[in-house]
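Novice: Starting off with a structure, shown below.
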Amino acid sequence: MRHNSDTRRLIIEDMQRLMIRDGLRAVRVNEVASHLSISKRTLYELFPDKMSLIEQSLTALFGGWEESMHRHLEGVATACERLVWLVGEFVRQLNVMGTRMLHELQSAGESCAPYVAWLETWRHEFSEQLCGGVAEGCCIPEMDTGAVTRGLLMSLFTARLHGVSRSEQYAFGCTILRGVATAEGVACLEQLRVRME
């Protein structure tokens, strides 16, 4: 029996919803099949096992976010503005995912390829924009962009896991950016903060 791409897409979307709500381990294939009124057999014809379904669902989720991020960044003029937007977007993505899901992804670490790729995308984007900030004169040239990026991402991730509010996560991220900003960068950050209020 052939199943169309709509069936596959619906299964992945439902799986994403359940993973975000309940975490990776709590999702039951029966629940996905029942919710979509399909048989488990149909589901397993499209996905060989639960792990494959999880990985494909995470790949679609993170891939969609990455495409959206790149489209948005194309229209942002300065590195300072891109960095502030990236902090907000990373915080938004962290807050879309439930803390159970985030804990499970963190525990899976290197064994979860979509999660590793998602983190690598963020490391690359922040490092690239920090280098752009140095070139534009809004970030200090003496910083180790890789270390700043790792510290920023892990600090925001940890803050989310510990129940820090979304607005406080964002403010914390902007404070980290301020710590590596030149006087020109601090002025830019302040203008952006006032504009966003």
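Novice: When the Cα centres of segment 121-197 and segment 78-98 are compared, how far apart do they sit, in Å?
Specialist: What the calculation gives is 10 Å, centre to centre.
Novice: Where the only charges are on Cβ atoms (+1 Lys, Arg; -1 Asp, Glu), what is the dipole of the chain about its Cα centre, to the nearest 20 debye?
Specialist: Here the chain has a charge dipole of around 820 debye.
Novice: Amide H of ALA181 versus every other amide H placed in the peptide plane: which residues, excluding those fewer than 5 positions away on the same chain, fall under 5 Å?
Specialist: The answer is ILE140.
Novice: Which of rounded, prolate, oblate describes segment 85-197, given a ≥ b ≥ c as roots of the alpha-carbon gyration tensor eigenvalues and a/c under 1.5 marking rounded, otherwise prolate only if a/b is larger than b/c?
Specialist: Because a/c hits 1.5 or more and a/b fails to exceed b/c, segment 85-197 counts as oblate.
Novice: Taking the simple approach of a point 7 Å from Cα along Cα-to-Cβ for both ALA147 and CYS131, what is their distance in nm?
Specialist: Distance between label points: 1.8 nm.
Novice: Ok, one more. Starting from the 7 Å offset along Cα-to-Cβ, what nm value, one decimal, do you get for the label separation of GLU13 and GLU110?
Specialist: Placing both labels 7 Å along Cα→Cβ, they lie 3.7 nm apart.
Novice: Same structure, new question: Taking only the alpha-carbon atoms of the chain, what semi-axes of the equivalent ellipsoid follow from 5 times the gyration tensor eigenvalues under a square root, in whole Å, largest first?
Specialist: 37, 16, 14
Novice: First select every other residue whose beta carbon is under 13 angstrom from the beta carbon of MET154; then total the charges, Lys and Arg +1, Asp and Glu -1.
Specialist: Its environment carries a net charge of +3.
Novice: At a 10 angstrom cut-off on C-beta neighbours, averaged per residue, how do the peptides 80-89, 66-75 rank from highest to lowest?
Specialist: Result, highest mean Cβ count within 10 Å first: 80-89, 66-75.
Novice: Follow-up question, since we're still on this one. Relative contact order (percent) for the chain, with alpha-carbon contacts under 8 angstrom and 6 or more residues of separation?
Specialist: 23
Novice: Can you figure out the FRET efficiency of VAL76 with THR121, using R₀ = 25 Å and their beta-carbon distance, to the nearest 0.05?
Specialist: 0.90
Novice: Pull out the extension gain between THR42 and SER5, defined as 0.36 nm times the separation in residues minus the alpha carbon to alpha carbon distance; nm, one decimal.
Specialist: 12.0 nm
Novice: About the Cα centre of segment 1-56, what is the dipole size in debye to 20, counting +1 per Lys and Arg Cβ and -1 per Asp and Glu Cβ, all else neutral?
Specialist: That gives segment 1-56 a dipole magnitude of about 80 debye.
Here, each number is a calculation from the coordinates, and none is a lab measurement. Just so it is clear, the structure is predicted and the values come from calculations on it, not from any experiment. Quick reminder, even Gly has a Cβ in these numbers, built from the backbone with ideal geometry, and neighbours come from all protein chains shown.
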